[in-house]
Every structure is written in C-alpha cells, then in structure tokens.
Amino acid sequence: MQAKLVYHNAVILKGRRDGITISLDPAISFDDLKIHFHRRVVETKQFFEGAKSNVSFTGRKLSEEEEQELLKIITTETSLDVPYVAEQGLFKPPNPTFIADTSPAHLPHNIYNTSYHQGGLRSGQSIRYSGSVVVLGDVNPGSEIVAEGNIIVLGSLKGMVHAGCTGNEECFVSGLVFWPTQLRIANIITYIPNDKKKRTPSCAYIQEGQVFVAPLVNQSYT
Amino acid sequence: MSEVYVITSGKGGVGKTTTTANLGAGLAVHDKRVVLVDADIGLRNLDVVMGLENRIVYDIVDVVDGNCRLKQALIKDKRYNNLCLLPAAQTKEKDAVNPEQMQKLCDALRDEFDYVLIDCPAGIEQGFKNAISGVDKAIVITTPEVSAVRDADRIIGLLEAAEVRNPLLILNRIRPDMVKRGDMMALEDVTEILAIDVLGVVPDDESIVISTNRGEPCVTDQESRAGQAFRNITRRLLGETVPLMDLSIDDGIMSKLKKVFKL
C-alpha cells in the first residue's frame, strides 16, 4: 500500500498556462521511473490530447538521453506535439533550425530590433531604422521606409521600401496591398509592373539573386 | 550652345510641371539632348508626370551633397534616349539645396545637354530662388485668371531683379468659348498687363489629364489640341516662326463635328 503511494507520486503532471511541468521522483532508479512514467502518460492520455505544449521536467536531474527517452514515450503514446523542452521551468529560446523544420514556409533566421509605427506614412514622410520596421497603417506613394531588417506594412504598401539596406539578402518586405513604387532588398532594386491586377497581401524576398513576390494567402480566399 | 530655362509661375496648379514635361519631350523629338530638373524638393511631381517615379534611386539632393555622381542620378526617359530627368528629393525640404549649388549643377548639366529645363516650385521663397539661380532664360506660365496673372506679374518682377531678362509667356488652359462670351480673359488682356513676349497659348484639354495620369506627355499625341500647342511652342523655342493656333475656329469645327457624330 505504502509502496503504491510512492509509485503514484513518482510522476506528477501539472498543467500550466505556458506548458506542462512533470515533476519526477529523484529517489527511484531511472528504469523504475520510466515504467511509472509510461503508465502515468497512458493513464492521463486526455491531458495531452491535441495539445501543443512545452514540457519541463523538475525534481530530478536528467541526462540528455534520459530526457529524450521520456519525451519519446510522450510522443509515441499521445498526440502531444512538443515544440521544445524547458529546463527547470526556464524556457530555452526555440532552436532556429527546429522552427525551420516545422513552420510551413522557411523564413530566414534574421533577428533585428523592431520599430513599430502606429498610423501610416504620407508622401514625403520617411522612416529610417537600424532594424525591422512594422507600420500599422498605409504607406502612400512618395513616402519611404529604409530598414536594415525586414519591413512589414499592415495596410497598403505603395511607397518606396528598402529592406536589408546594409546588404542582408535574407530580409523581406510584406504588405496587405502590395504595390510599392519601388522595391529594394539589399542591393537589388525593382518595381511592381502596373498590370492592373488585384493587389493581394504579399511578401517579397530574394532567392538566387532575384526578387520574388509571393502571395501571403491562398488566392482563392481573396 | 546650351540653354538653361526655368519654367515658373508663382501660383500653383497652372501647369508648370506639365509644360516642363511636354517641352522636354517635344525638344527630344527634335533630336535635342534635354534634361529636366525638378527643383520642387519635398513636393516632387515631374517624375510622376513623366512616368519615371519607380526608377528613382538618387535625387538632386544626393547630387549636391556628393552622395552620388551626377550621371548616376539622371534617369533616362522611357521613350526618348536623349531625354533625361533629374528628380527632386521627396523627403527633404527646400533648404537642402542652396543657390550656389544649383548654379554649379546647371553649369555641369550645360556640358552634357542642349537644353536644361528647370521645373520651378510654386511660391517665391527658397525653392524659387534656387530654381532661378543658374538659368539663362525664363518661361512664365499663367492661366487666364486674375490671381494667376497677378502672381505671374510678381514673378516677372522678381526675375528682372535677379537679372533674368525677357521672360517668355505661355498662357495655359484657355477656353475659347468662354473668351468669346467675355467670361474669360483673352490673350490680349493678359499681355496688356504682363507686357512680355508670348511663346504660346495652350487650350484647356482633357487629354492633359489623361496623359498626366498615364505618365506620358501629350506632346506626341497627334489628336490632342494641347499637344499641338506644345509642338508649336517647341518649334518656337527652336527658333522657327509659327503662328499662334487659331483656337476659336478650330474649336467651332470640332464642336460641330462632335454634334454631328452624337446625332
């Protein structure tokens, strides 16, 4: 009876807002723990069901292989998708390669400070920033945004934009109505031809030395 | 021998930029090497009227500040190889350039081109002073309205004070039917006040709006009456003697034809 109680507490699951904390008994052997862990996971299957959550282990020091073994149990027994494992309740920043593997489209891993602007830009106004720029509003013809990082316009983009102005070809430009007067990324200058097409939300980037403009959403939705 | 012209008016919206674009294209048709300089820093339009906005990389402020070479900032026109545009900066102010720099710039352009046409900003402040500082001759645009004529008169006085002698007049947006009814000033009424030589009269024409919005000067449009007026003005600039268009008679035939076809 006593033993069973101990076993029962060997693995304790706690749901938190930002993930699941699993506290492990440090006193028993890892093999025993594994058996309890497995049983516990199967028992509480609904707890994991369909969730996409971070997992952190507490209470016991785990080697990397041990951690992997426990994670493997979770992923094989449940439908929980584990984006990353946190250590001691402190979350590691996501590993960029891991993001690239799981996100539907690969975005280059460029990290910049971001400057946010509420309200649009009118002709003659300009933003120059040593990082990325997000504008919540329209960017009218005759205005310009020059950024060392990426440029995102949540509104119509009709001004001149220059992303990656110091030469980073991995930077991108995005806008909801995508029709910049002139589009520059790194050292490439181009413009969108006036073909009277509907301007859909799009993203422009460089691939193999050429600028591509891709729609952000499926054409059939717009 | 190259010539530097400023196209100015004092009042805004009378057609300085349209005239600059059309004269530039008109002279280019006659195989002259032409450069258009947009001196309206902060409110640039000439690039839009020429349909060259999306090709701008460097502008006049970059040139005078030494950020680029003059040749890098010159944009070749889509239609004419011998026509170039030096665009204004849009995000700067008029005082980004001073008269001495403009004079130096005009002298540099003189070496490369037969005609330098400077599109002057409205007003009589810094932008105007910049625009006229390196010029040989001036073309004053006005419309047949008392306010525009008043401002043109002021401009002519300022040009004389700056030793730009004998400006030429273009009367723009005239409507022969209104003149006939006595509701609009006639050319004679305007020249009586301004007392300068007339370079041409341009009728009010829808094709100007269309061509401006398309970014193509209407001077090459054989159908356009304003285009014909600008072709005549171009030939006069080149030294030919071309009589003024007889607007009233022509218009009568046109309106009669229109009526016939509408019936």
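Please enumerate the residues belonging to region A:182-204 that are under 15 Å from A:Gly167 (Cβ atoms), more than 9 Å from every other protein chain (Cβ to nearest Cβ) and either surrounded by fewer than 10 Cβ atoms within 10 Å (Cβ to Cβ) or in contact with a strand residue (DSSP E or B) (Cβ under 6 Å, 6 or more places away or on another chain) (or both).
Taking region A:182-204 first, the residues under 15 Å from A:Gly167 (Cβ atoms) are A:184-189.
Subsequent filtering for residues that are more than 9 Å from every other protein chain (Cβ to nearest Cβ) retains A:185-188.
Hits for region A:182-204 are A:Ile185, A:Ile188.
Yes/no per residue for (1) in contact (Cβ under 8 Å) with a residue 60 or more places away in the chain; (2) more than 14 Å from chain A (Cβ to nearest Cβ); (3) of a type outside the set (Lys, Arg); (4) more than 25 Å from B:Gly215 (Cβ to Cβ):
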position: B:Leu74; (1), (2), (3), (4): no, yes, yes, no
position: B:Asp77; (1), (2), (3), (4): no, yes, yes, no
position: B:Cys84; (1), (2), (3), (4): no, yes, yes, no
position: B:Gln90; (1), (2), (3), (4): no, no, yes, no
position: B:Asp95; (1), (2), (3), (4): no, yes, yes, yes
position: B:Val116; (1), (2), (3), (4): yes, yes, yes, no
position: B:Pro121; (1), (2), (3), (4): yes, no, yes, no
position: B:Ile124; (1), (2), (3), (4): yes, yes, yes, yes
position: B:Lys137; (1), (2), (3), (4): yes, yes, no, yes
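Considering A:Gly137, A:Gly149, A:Gly155, the condition of being more than 13 Å from every other protein chain (Cβ to nearest Cβ), under 18 Å from A:Tyr112 (Cα atoms) and either surrounded by fewer than 24 Cβ atoms within 10 Å (Cβ to Cβ) or under 27 Å from the mean Cα position of the chain (by Cα) (or both) is satisfied by A:Gly149 alone. Residues in region B:98-114 that are in contact with a Lys or Arg (Cβ under 6 Å, 6 or more places away or on another chain) and in contact (Cβ under 8 Å) with a residue 40 or more places away in the chain: B:Phe113, B:Asp114. The single condition among (1) modelled with pLDDT under 80; (2) out of contact with any Asp or Glu (no Cβ under 9 Å at 6 or more places or on another chain) that A:Ile22 does not meet is (1).
Do we have B:Asp31 as of a type in the set (Asp, Glu), under 30 Å from A:Arg184 (Cα atoms) and away from chain A (no Cβ under 14 Å) here?
Numbers: of a type in the set (Asp, Glu): yes; under 30 Å from A:Arg184 (Cα atoms): no; away from chain A (no Cβ under 14 Å): yes.
No, not satisfied.
Filtering region B:28-39 to residues that are outside any loop (DSSP other than H, G, I, E, B), surrounded by 20 or more Cβ atoms within 10 Å (Cβ to Cβ) and touching a residue at least 60 places away in the same chain (Cβ under 8 Å) leaves B:Val34, B:Val35, B:Leu36, B:Val37, B:Asp38.
Does B:Ala131 meet the test of being closer than 23 Å to B:Gln72 by Cβ and buried (at least 23 other Cβ atoms within 10 Å of the Cβ)?
Details: closer than 23 Å to B:Gln72 by Cβ: yes; buried (at least 23 other Cβ atoms within 10 Å of the Cβ): yes.
So B:Ala131 fits the description; yes.
Inside region A:128-143, can you point out the residues that are part of a strand (DSSP E or B) and farther than 19 Å from A:Ile111 by Cα? Correct list: A:Leu136, A:Val139. Evaluation of A:Gly167 against the conditions (1) out of contact with any Asp or Glu (no Cβ under 7 Å at 6 or more places or on another chain); (2) on the phi < 0 side of the Ramachandran plot; (3) modelled with pLDDT of 90 or more shows that the sole unmet condition is (2). In this structure, A:Asn168 does not qualify as surrounded by fewer than 23 Cβ atoms within 10 Å (Cβ to Cβ) and within 14 Å of another protein chain (Cβ to nearest Cβ). Among the residues of region B:51-72, those identified as of a type in the set (A, V, I, L, M) and either more than 12 Å from every other protein chain (Cβ to nearest Cβ) or in contact with a Ser or Thr (Cβ under 6 Å, 6 or more places away or on another chain) (or both) are B:Ile60, B:Val61, B:Val63, B:Val64, B:Leu70. Scan region B:139-166 for residues that are free of Cβ contacts under 8 Å to residues at least 40 places away in the same chain and closer than 25 Å to B:Met245 by Cβ and the total you get is 2. Residue count for region A:103-122 satisfying the condition of being modelled with pLDDT under 90, of a type in the set (Ser, Thr, Tyr) and out of contact with any Cys (no Cβ under 9 Å at 6 or more places or on another chain): 1. Taking region B:100-132 as the range and being over 17 Å from the mean Cα position of the chain (by Cα) and small (Gly, Ala, Ser) as the test, only B:Ala108 passes. Condition check for A:Val82 on (1) modelled with pLDDT of 85 or more; (2) of a type outside the set (Phe, Trp, Tyr); (3) touching a helix residue (DSSP H, G or I) at 6+ places or on another chain (Cβ under 7 Å): one failure, at (1).
Being modelled with pLDDT of 95 or more and surrounded by fewer than 17 Cβ atoms within 10 Å (Cβ to Cβ) is a property that does not hold for B:Lys180.
The residue that is surrounded by the fewest Cβ atoms within 10 Å (Cβ to Cβ), counting only those in region B:1-22 that are outside any helix (DSSP H, G or I), among the aliphatic types (A, V, I, L, M) and out of contact with any Lys or Arg (no Cβ under 6 Å at 6 or more places or on another chain), is B:Met1.
The lone criterion from (1) surrounded by fewer than 24 Cβ atoms within 10 Å (Cβ to Cβ); (2) outside any loop (DSSP other than H, G, I, E, B) left unmet by B:Ala25 is number (1). Would you say B:Val48 is among the hydrophobic types (A, V, I, L, M, F, W, C), crowded, with 18+ Cβ neighbours inside 10 Å and away from chain A (no Cβ under 13 Å)? Here the answer is no, as B:Val48 does not meet what is asked.
The values are calculated or read from the model by the stated rules, or taken from the named source; none is laboratory data. Quick caveat, the model's predicted, so the values are computed rather than measured. Cβ sites come from the backbone with ideal geometry, for glycine too, and all protein chains shown count toward neighbours.
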